[in-house]
Amino acid sequence: MTRLANKHALLTGAAGGIGLAVATAYLQQGAHCTVADIGKSPTAELATLMAAHPDTLHYVPTDVTRSADIDALITAAAARFGNITTLYNNAAIFDMAPLLESDEAMYDKLFAVNVKGAFFVMQKVLAHMVANQVQGGSVVNMASQAGRRGEALVSHYCATKAAVISYTQSAALAMAPHKIRVNGIAPGVIATPMWAHVDALFAKYENLPIGEKKKQVGLAVPLGYMGDPTDICGAAVFLASDEASYITAQTLNVDGGSVMS
């Protein structure tokens with residue numbers, strides 16, 4: 001259980017769902033973790049995890065759309081656990097609407113967090129790694145199967161996740177001379193708390209009973225069910241570890257077979 005020994009991982013969007021599951025896995029594998037989310041205080045789940053790992057887990061409230069917040073996050077992380085060696089770049093939001101009804105406010109909100117926030121967190125952490133000559137640096141960006149294709153009701157979200165995949169490739173090439181790896185994970189449908197919101201939106205726009213869309217998408221997965229947040233942990237640990245030392249510029253589908261590439 002020491003695949004991430006001597007690693008300091010910074011995780012955004014880690015107060016619940018996939019981010020919290022990955023933070024738990026990183027701690028179990030020996031990493032020190034700085035976790036960030038929008039809340040001024042940790043969620044009950046995160047607080048419980050912090051109580052179990054008082055010496056290796058640190059929480060910093062952060063709005064990833066604010067450059068000053070990102071700078072403060074990196075400063076606080078380095079002050080607590082030393083140089084950041086690993087970034088799990090996970091903070092994101094979801095919204096949807098029919099294409100002809102989707103307004104500028106929705107566009108701005110989604111791109112501010114999912115693209116601008118993700119890019120500048122990555123950029124600033126990479127700058128920190130380069131400046132401190134971090135050995136074995138690794139970035140894991142969270143994309144989505146939505147970034148592999150368009151969807152009529154989900155145009156902006158799909159576009160934001162396609163951007164994450166593209167930035168992953170570009171950053172990997174830029175960082176290759178520094179021996180810093182940049183990869184991504186594209187989850188499929190994962191049963192996180194956010195799915196109640198997603199399901200309600202699909203119910204509204206597709207005239208479905210509450211719960212029906214969630215049932216449908218689970219059955220449509222080739223393996224026959226929605227994933228659990230813990231299903232992302234294996235890939236997240238692997239890509240952050242030295243076992244993946246010759247892998248960069250890749251976005252790994254973890255989706256039960258929904259997308260083949």
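The values are calculated or read from the model by the stated rules, or taken from the named source; none is laboratory data. Quantities reported herein were computed from a predicted structural model and do not represent experimental measurements. So basically every Cβ, Gly included, is an ideal-geometry build from the backbone, and we count neighbours across all protein chains shown.
Yes or no, residue by residue, for (1) touching a residue at least 24 places away in the same chain (Cβ under 8 Å); (2) more than 14 Å from residue 77 (Cβ to Cβ):
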| position | (1), (2) |
| --- | --- |
| 3 | yes, yes |
| 8 | yes, no |
| 16 | yes, yes |
| 21 | yes, yes |
| 35 | yes, no |
| 39 | yes, yes |
| 47 | no, yes |
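Candidates in the stretch 124-148 are the residues that are part of a loop (DSSP other than H, G, I, E, B) and at pLDDT 95 or above; of these, the one that is surrounded by the fewest Cβ atoms within 10 Å (Cβ to Cβ) is 133. Of the residues making up the stretch 219-234, just one is part of a helix (DSSP H, G or I), surrounded by fewer than 18 Cβ atoms within 10 Å (Cβ to Cβ) and touching a strand residue (DSSP E or B) at 6+ places or on another chain (Cβ under 9 Å), namely 234. Considering the conditions (1) out of contact with any Leu (no Cβ under 7 Å at 6 or more places or on another chain); (2) at negative phi, residue 211 is excluded by exactly one of them, (2).
What residue, of 253, 207, is under 15 Å from the mean Cα position of the chain (by Cα) and of a type outside the set (D, E, K, R)?
Values: 207 fails: under 15 Å from the mean Cα position of the chain (by Cα).
The match here is 253.
Just need a number here: residues in the stretch 17-26 that are at negative phi and either in contact with a strand residue (DSSP E or B) (Cβ under 7 Å, 6 or more places away or on another chain) or of a type outside the set (A, V, I, L, M) (or both).
Start the filter on the stretch 17-26 by keeping residues that are at negative phi, which leaves 18-26.
Cutting the leftovers down to either in contact with a strand residue (DSSP E or B) (Cβ under 7 Å, 6 or more places away or on another chain) or of a type outside the set (A, V, I, L, M) (or both) gives us 18-19, 22-24, 26.
Within the stretch 17-26, residues that are at negative phi and either in contact with a strand residue (DSSP E or B) (Cβ under 7 Å, 6 or more places away or on another chain) or of a type outside the set (A, V, I, L, M) (or both) number 6.
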